[in-house]
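Below: the structure, in structure tokens.
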Amino acid sequence: MRTNTAAIFTLALCFVAATAASGQEPIVKTASVSGTATIQAIDSTARTITLRNQAGEEDTYAVGPEVKRFNEMKVGDTVKMTYMESLVLQIRKPGDKPGPATAQGRVTPGTGALPSATVAVQDKMTVTVKAIDPNLPSITVTTPDSRTVTRKVENKKNLEGVKVGDQIDITYTRSLLTAIERAK
């Protein structure tokens, strides 16, 4: 949990915004990237697959037992992937109790004719604002495990309305959608 916590703060605290502090809708930041790779080699015994991306770079990956249709992949098939991240920040109303910090993951197999799946991981936590430096600008928070974390904020205006003692709910979600297409 410690590694995920650090990643969440690095991303999240740069986005704290006045709209959340004023009780408006949560702040939502999303990003995605897509790519394709071609299967160059498959080792069924070791459960590895070698992929070549569009730049011609090759790498070999271990494929765990949760991939049930491993034997249906063929050399020459194209693997399409889309990676998405989303970050949701919401200032808690005074008196609301935070939920526990959680980390959840899930693999959902696709239902198409060829192998596909979605892997998603979500981390949730509530931090408490300990200090704000509008001149730098930066924000310092206390994590659920009592660590103190300080991060620079990209836009000084994002600190308007945020005050010491505020609690910020952070939900950080990552997902990878993968699908196989037969070589033509």
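The one condition from (1) touching a Lys or Arg at 6+ places or on another chain (Cβ under 8 Å); (2) surrounded by 14 or more Cβ atoms within 10 Å (Cβ to Cβ); (3) over 30 Å from Glu160 (Cβ atoms) that Pro65 does not meet is (2).
In this structure, does Pro134 turn out to be at negative phi and surrounded by 14 or more Cβ atoms within 10 Å (Cβ to Cβ)? Here the answer is no, as Pro134 does not meet what is asked. Residues that are part of a strand (DSSP E or B) and among the basic types (Lys, Arg) within region 162-184 comprise just one, Arg174.
For region 134-154, a tally of residues being under 29 Å from Leu177 (Cβ atoms) and either without any contact (Cβ under 8 Å) to a residue 12 or more places away in the chain or polar (S, T, N, Q) (or both) returns 0. At least 2 residues being under 30 Å from Glu181 (Cα atoms), among the basic types (Lys, Arg) and at pLDDT 95 or above is the threshold, and among the strands (runs of 3 or more DSSP E) wholly inside region 13-115 not one reaches it. Being over 25 Å from the mean Cα position of the chain (by Cα), under 30 Å from Glu58 (Cβ atoms) and not charged (D, E, K, R) is a description that does not apply to Gly95.
Tell me, please, whether a residue that is small (Gly, Ala, Ser), closer than 30 Å to Gln40 by Cβ and in a strand (DSSP E or B) can be found in region 137-154. Among the residues of region 137-154, not one is small (Gly, Ala, Ser), closer than 30 Å to Gln40 by Cβ and in a strand (DSSP E or B), which makes the answer no. Does Val107 count as among the β-branched types (Val, Ile, Thr), under 19 Å from the mean Cα position of the chain (by Cα) and within 16 Å of Thr171 (Cα to Cα)? Spelling it out, it is not the case that Val107 is among the β-branched types (Val, Ile, Thr), under 19 Å from the mean Cα position of the chain (by Cα) and within 16 Å of Thr171 (Cα to Cα). Evaluated against (1) at negative phi; (2) in contact (Cβ under 8 Å) with a residue 40 or more places away in the chain, Gly76 falls short on exactly one condition, (1). Of Ala131, Ala120, which residue is without any contact (Cβ under 8 Å) to a residue 60 or more places away in the chain, part of a strand (DSSP E or B) and more than 24 Å from Tyr61 (Cβ to Cβ)? One residue alone meets the criteria, Ala131. Thr50 meets all of the listed conditions (1) free of Cβ contacts under 8 Å to residues at least 12 places away in the same chain; (2) closer than 30 Å to Gly165 by Cβ; (3) surrounded by 12 or more Cβ atoms within 10 Å (Cβ to Cβ) but one, namely (2).
The values are calculated or read from the model by the stated rules, or taken from the named source; none is laboratory data. Because the structure is a prediction, the values reported are computed rather than measured. Cβ sites come from the backbone with ideal geometry, for glycine too, and all protein chains shown count toward neighbours.
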